[in-house]
Amino acid sequence: MDNKQLSRKTVIVDGKEIDKEIVHHCMNTVEQAVLDVVTHLVKNDAEKEDVINAAKTTAEAIVVGMSFTLSFFRQ
């Protein structure tokens, strides 16, 4: 990434220009939620495949929800 890209205040997500801070917040939310799910399942001795599937499902659900919410701001 060059200096011009680093200094931008927006990024392109799903073909739409969005404030970089909003995207950063969304990514942190997804990361923490997935970590919480994985931690809970591992502590409860879940099978590896179940943990991986739950992590994917959690991330996908959050992204869908956030995309839906952000769509209201892009109208």
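The values are calculated or read from the model by the stated rules, or taken from the named source; none is laboratory data. Keep in mind it's a predicted model, so treat the numbers as computed, not measured. Using ideal geometry, Cβ is built from the backbone for each residue, glycine included, and neighbour counts are taken over all protein chains shown. Heavy atoms of the whole protein, side chains included, go into the accessibility calculation; ligands, DNA and RNA do not. Shrake-Rupley method; radii C 1.70, N 1.55, O 1.52, S 1.80 Å.
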Out of everything in region 22-64 that is within 19 Å of residue 12 (Cα to Cα) and of a type in the set (A, V, I, L, M, F, W, C), what residue ends up being most open to solvent (accessible area, probe 1.4 Å)? 27
Do you know which of the residues in region 58-75 that are in contact with a strand residue (DSSP E or B) (Cβ under 9 Å, 6 or more places away or on another chain) and among the hydrophobic types (A, V, I, L, M, F, W, C) is modelled with the lowest pLDDT? 73
Got a sec? Which of 29, 10, 39 is among the polar types (S, T, N, Q) and more than 19 Å from residue 72 (Cβ to Cβ)? 39
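Given the condition small (Gly, Ala, Ser) and modelled with pLDDT under 90, answer yes or no: does some residue in region 36-57 qualify? Reasoning before the result, please.
Restricting attention to region 36-57, the residues satisfying the condition of being small (Gly, Ala, Ser) are 46, 54-55.
From what is left, the residues that are modelled with pLDDT under 90 are none.
No, every residue in region 36-57 fails to be small (Gly, Ala, Ser) and modelled with pLDDT under 90.
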